[in-house]
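The structure appears right after this line, and notes come after that.
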Amino acid sequence: MFRFKQFNVDQTGCAMKINTDGVLLGATATANDPLNILDIGTGTGVIAMMLAQRFPGAHIDAVEIDEQAALTSAENFKNSPFVNRLTCHPLGFEEFFNLYPERKYNLIVSNPPFYINSLQSPGEKLNLAKHAPRGFFASMIDKVAARLTANGALWLILPTDTAGLVKTIARQHYLHLQKIMTIRSFSTDAPHREILSFGMQETPLINDELIIYDGHKIYNPQYRALLKDFLTIF
């Protein structure tokens, strides 16, 4: 059980546990008055619940293809203060979109499987959670582009090399890169993650950077400020 300030997260049966990537995306993803939000690959449901906390007027659909993870996230939603605004769908995103062709979203987020070219991890569930087939991002971007509202935004967190591929795919589907947040562990480290925001409108690109640590177990003030409403350690 991972305890946040306003909700708890049971991680039973979830191959990918709560990690820095997920909480960073949950704390940063935003859009103009997001009343309808979609979380693709919700896992434990942590990102969906963080967004529910940040946007009290929003309803969040969360899709999860792994059956056990979907059961866990649904239970987490049920036990959260946001239960009336969270719905877990035990489906892949393609099946979900086929079942609900009319739904549009102001904000779509995903902390997706990203080790596209790496060796497969042992264990089927971990493979599903961590490894994307080459066509995964092309399919996701194609489907998402048709489901964003005119002013909607797609937010992803990715390793830097995968981020380059996704930027290319997004351009091919007429999604414009609107913001990049580069993530470093320490100021002297090379970036290891990028948070990307895409939209239907072409806008001036915003470049930002986040450094997690100032020293050994010493969190950077920007990181603390970003997560102070969520993590009990701050």
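Things worth noting here:
- Extreme residue, surrounded by the most Cβ atoms within 10 Å (Cβ to Cβ), among residues of region 71-94 that are outside any helix (DSSP H, G or I) and of a type in the set (S, T, N, Q): 80
- Output for region 11-34, where each listed residue is part of a loop (DSSP other than H, G, I, E, B), at pLDDT 90 or above, buried (at least 19 other Cβ atoms within 10 Å of the Cβ) and hydrophobic (A, V, I, L, M, F, W, C): 29, 31
- Residue check, residue 57 part of a loop (DSSP other than H, G, I, E, B), among the small types (Gly, Ala, Ser) and free of Cβ contacts under 8 Å to residues at least 40 places away in the same chain: yes
- Inter-residue pairs, beta-carbon under 6 Å, first of a type outside the set (Ser, Thr, Tyr) and in region 147-162, second at pLDDT below 95 and surrounded by fewer than 16 Cβ atoms within 10 Å (Cβ to Cβ), 6+ apart: 151/32
- Residue within region 91-101 that is hydroxyl-bearing (Ser, Thr, Tyr), under 20 Å from residue 18 (Cβ atoms) and out of contact with any Ser or Thr (no Cβ under 9 Å at 6 or more places or on another chain) present: no
- Failed criterion for residue 109 (all others in (1) in a helix (DSSP H, G or I); (2) at pLDDT 95 or above; (3) of a type outside the set (D, E, K, R); (4) surrounded by 13 or more Cβ atoms within 10 Å (Cβ to Cβ) hold): (1)
- When residue 48 is tested against (1) over 17 Å from residue 24 (Cβ atoms); (2) touching a strand residue (DSSP E or B) at 6+ places or on another chain (Cβ under 7 Å), only condition (1) is not met.
- Conditions (1) over 18 Å from residue 103 (Cα atoms); (2) modelled with pLDDT of 95 or more; (3) of a type in the set (A, V, I, L, M); number of the one not met by residue 62: (1)
- The condition of being at pLDDT 95 or above and under 24 Å from residue 15 (Cα atoms) does not hold for residue 206.
- Inter-residue pairs, beta-carbon under 8 Å, first of a type in the set (D, E, K, R) and in region 79-97, second part of a strand (DSSP E or B), 6+ apart: 85/59; 85/60
- Selection of region 171-209 for residues being without any contact (Cβ under 8 Å) to a residue 60 or more places away in the chain, aliphatic (A, V, I, L, M) and under 20 Å from residue 24 (Cβ atoms) yields 177, 180, 190, 196, 205, 206.
- Within region 54-70, considering residues that are in contact with a His (Cβ under 8 Å, 6 or more places away or on another chain) and not aliphatic (A, V, I, L, M), the one surrounded by the fewest Cβ atoms within 10 Å (Cβ to Cβ): 61
The values are calculated or read from the model by the stated rules, or taken from the named source; none is laboratory data. Since this is a predicted model, take the numbers as computed values, not measurements. In this analysis, Cβ positions are derived from the backbone assuming ideal geometry, glycine residues included, and neighbour counts consider all displayed protein chains.
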